[in-house]
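Notes follow the structure.
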Amino acid sequence: MDEAARVDDDLYFAVKPMLAVSRGRLLALSTPFGKRGWFHREWTEGQGWQRHTVTALQCPRISTEFLDEERRSMPDSWFQAEYMGEFTEAIDSVFSYEQVMGAVAEDVEPLDFGGET
């Protein structure tokens, strides 16, 4: 699956059962596309995956001059995702990933308003 981070969860979950009988492998190649979706979840929490990261700085075919121009020509979050392989905030996020995860963490005590809920 190329550009796997851009594949919707619905398609990913619909395709996975096709591997059951053949015991096939799913290869997912991508730059990150925000801290969201199945690709981010599998990258950060998934079991049984081999993960490899190669940044543009590690590719001898990409010049420093090219990267400098790219860095100047696009928002930093896009550069970090596309060239450095970093999961940045999703471009349409209102709240950061950490804020959302902090709001749903099981170790956060609910507010006590001293009355009925």
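The values are calculated or read from the model by the stated rules, or taken from the named source; none is laboratory data. This one's a predicted model, so the numbers in the text were calculated from it and none came from an experiment. Reconstructed Cβ throughout: ideal geometry from the backbone, glycine too, with neighbour counts over all protein chains shown.
Here is how the numbers come out for the structure above:
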quantity	calculated
Any pair with Cβ under 8 angstrom, 6 or more apart, that starts in the stretch 15-42 at a residue that is touching a residue at least 40 places away in the same chain (Cβ under 8 Å) and under 13 Å from ALA4 (Cα atoms) and ends at one that is of a type in the set (D, E, K, R) and assigned to a helix (DSSP H, G or I)	THR31/GLU82; PHE33/ARG6
Restricting the stretch 97-109 to residues that are part of a loop (DSSP other than H, G, I, E, B) and modelled with pLDDT of 75 or more, the residue that is farthest from LEU57 (Cα to Cα)	GLU109
Residue check for PHE33: of a type outside the set (Ser, Thr, Tyr), exposed (fewer than 11 other Cβ atoms within 10 Å of the Cβ) and under 30 Å from PHE95 (Cα atoms)	no
Criterion: over 20 Å from LEU11 (Cα atoms) and aliphatic (A, V, I, L, M) - qualifying residue of ALA28, ALA81	ALA81
Matching residues in the stretch 3-30 - criterion: being at pLDDT 95 or above and surrounded by fewer than 10 Cβ atoms within 10 Å (Cβ to Cβ)	ASP10
One residue from VAL94, VAL54 being outside any helix (DSSP H, G or I), aliphatic (A, V, I, L, M), in contact (Cβ under 8 Å) with a residue 12 or more places away in the chain and loosely packed, with under 12 Cβ neighbours inside 10 Å	VAL54
Those residues of the stretch 1-24 which are part of a helix (DSSP H, G or I) and within 18 Å of the chain's Cα centre (by Cα), in sequence order	ALA4, ALA5, ARG6, ASP9, ASP10, LEU11, TYR12, PHE13
Among residues of the stretch 72-91, those that are part of a helix (DSSP H, G or I) and more than 12 Å from LYS35 (Cα to Cα), counted	9
